[in-house]
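Taken together, the values in this text are just the output of simple stated rules run on the coordinates, not laboratory data. Predicted model only: the values in this text are computed from it and were never measured. Glycine gets a Cβ as well: all are built from the backbone with ideal geometry, and neighbour counts include every protein chain shown.
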Amino acid sequence: MLTPYEPVLSLRSSGGILLAVPKSRLKSKGDHAFAIRALLLWNDLPEEIRLADSVSSFKSLLKIHFYRLAFI
């Protein structure tokens, strides 16, 4: 289940579309579970990508982001 992150205090991150990451019971294997890693990766994306208007623009922005990480 995807739960939006709602900070207790008013923070700069409260305007972005962030997801709450549940605590894992096992540090060695629990943090590598898909349910945890997917949420962490989503939260690490730039806000421009998370706020994409459509799936095609999301894919395009994500491809550019990965290209920059790999080659620049």
How high is the FRET efficiency between F66 and T3 when r is their beta carbon distance and R₀ equals 30 Å, given to the nearest 0.05?
0.70
Distance between modelled label sites at L40 and S54, nm, 7 Å Cα→Cβ extension:
3.4 nm
